[in-house]
Amino acid sequence: MHLCDLAPAHIRAIAPYQPGKPISELAREMGLREADIVKLASNENPLGPSPKARAAIAARLDEVALYPDGNGFELKAAIVAQLADRLGVDMAGIVLGNGSNDVLELAARALLGPGTSAVYSEHAFAVYPLATQAAGARGIAVPARAYGHDLAAMRAAVRDDSRVVFIANPNNPTGTLLGAEELHGFLASLPPAVAVVLDEAYCEFLDEALRAPSLDWLAEFPNLILTRTFSKAYGLAGLRVGYALAHPEVADLLNRVRQPFNVNSLALAGAAAALDDGEFIARSKAVNDAGMAQLVEGCKRMGLAHIPSHGNFVCIEVGADGAASAKVYQALLRKGVIVRPVANYGLPTFLRVSIGLPEQNARFLAALSEIMEQA
């Protein structure tokens, strides 16, 4: 018997997460120059990190031989300062993670196990079922409604052994958005022993009028866990830093399963400085809004359907079936344009395209137009 055969069956059954194709990999495969490749696959900020974050990171380079602050005091203080007007937020309710993926897995590890279940939506972030399966729990995927969360169906799917409900708002990869009233009603309908992990990785791209007052709900719902990231609007994807906001007792539970020093010192410094750069976030949103309009208009010109999105990406339908969309994806790669297939999300006819700079968006649209004309 091989050693791997002795691993738990639920671990052996996991299909590993597939990240977006790196620029260097495509360059090797296709014999292209890295400088000639456009990557619109991983929902990264095309502006890069904020100037304040860059400066803070540079100032800490001499400290990389030292272990980081395991409690992340500086970053937690910056989060509390930014959210000072929110009654439900204090330092004891913050959990830092190596990206928000890490925090999602901490919630699963702390609250799930064999004999329990977690509920999430079809077409939702792939980490939810992965984290559930890794904990030995049963995943309950609820059919989507208009490519987004059907909260009534999700509430009906909650069982006596359910411990976690995962919700992404806006949702990745479809970009759909739930309204505040609907979300609040869902939270109020759940038993207090069922945690709701509300993943707000893309909330900075929302207009103020569309943002749910989720931070205010923390005081009302002790079973609410909010997760956010510095990988998207803040442009720090390569440093891997995110956080959760929760009731202090829930945060304490997650911190018990958190690895010591799970966030490195450069990430802690860069994220704290990024929170203080509101001008950069406003610029990032403006670039994203203009880029979204550019891609949507391009889709209309080509007669291609898309899923209306509230994130920094859009899903575009490029084929009648999975084989056709896979051909378009490969053709884009040959032209030096990387986007994201989403067949593994149950969307085989779509490609997800991240919003880039105007010239990057134009490059993608020109390449796609040529490919569709030749199809």
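Residues of region 191-212 that are open to solvent by 40 Å² or more (accessible area, probe 1.4 Å) and either within 21 Å of Y128 (Cβ to Cβ) or in a loop (DSSP other than H, G, I, E, B) (or both): P191, P192, A193, D207, R211. Between N361, N344, N312, the distinction of being touching a residue at least 24 places away in the same chain (Cβ under 8 Å) and open to solvent by 60 Å² or more (accessible area, probe 1.4 Å) belongs to N344 only. Would you be able to say whether some residue in region 223-238 is over 22 Å from Y120 (Cα atoms), β-branched (V, I, T) and surrounded by 24 or more Cβ atoms within 10 Å (Cβ to Cβ)? Within region 223-238, not a single residue is over 22 Å from Y120 (Cα atoms), β-branched (V, I, T) and surrounded by 24 or more Cβ atoms within 10 Å (Cβ to Cβ). Scanning region 89-125 for residues that are of a type in the set (D, E) and touching a Pro at 6+ places or on another chain (Cβ under 9 Å) gives D90, E122. Contact map, region 186-197: residues that are in contact (Cβ under 8 Å) with a residue 12 or more places away in the chain and within 15 Å of S117 (Cα to Cα) paired with residues that are of a type in the set (D, E, K, R) and open to solvent by 10 Å² or more (accessible area, probe 1.4 Å), Cβ distance under 8 Å, separation 6+ or inter-chain. Pairs shown: L190/R155; A193/R163; V194/R163; A195/R163.
The combined condition, being of a type in the set (A, V, I, L, M, F, W, C), assigned to a helix (DSSP H, G or I) and buried (at least 20 other Cβ atoms within 10 Å of the Cβ), is not fulfilled by A290. Answer with yes or no whether L295 is open to solvent by less than 60 Å² (accessible area, probe 1.4 Å) and not in a helix (DSSP H, G or I). Considered against the rule, which asks whether it is open to solvent by less than 60 Å² (accessible area, probe 1.4 Å) and not in a helix (DSSP H, G or I), L295 comes out as no. On the stretch given as region 20-46, residues that are over 17 Å from V314 (Cα atoms) and in a loop (DSSP other than H, G, I, E, B) total 6. Considered as a group, the residues in region 12-30 that are under 23 Å from the mean Cα position of the chain (by Cα) and farther than 16 Å from V337 by Cβ include one that is most open to solvent (accessible area, probe 1.4 Å), and that residue is Q18.
Residue-level analysis places K39 among those that are buried (at least 20 other Cβ atoms within 10 Å of the Cβ) and of a type in the set (D, E, K, R).
Give me the pairs: first residue in region 222-249 and within 30 Å of P191 (Cα to Cα) and part of a strand (DSSP E or B), second residue acidic (D, E) and modelled with pLDDT of 95 or more, beta-carbon distance under 8 Å, and six or more apart or on different chains, which are they? Partner pairs satisfying both residue conditions: L226/E200; T227/D199; T227/E200; R228/E200; G242/D102.
The values are calculated or read from the model by the stated rules, or taken from the named source; none is laboratory data. Keep in mind it's a predicted model, so treat the numbers as computed, not measured. All Cβ positions, even for glycine, are placed from backbone atoms using ideal geometry, and neighbour counts span all protein chains on display. With ligands, DNA and RNA removed, areas are computed over all heavy atoms of the protein, side chains included. Shrake-Rupley method; radii C 1.70, N 1.55, O 1.52, S 1.80 Å.
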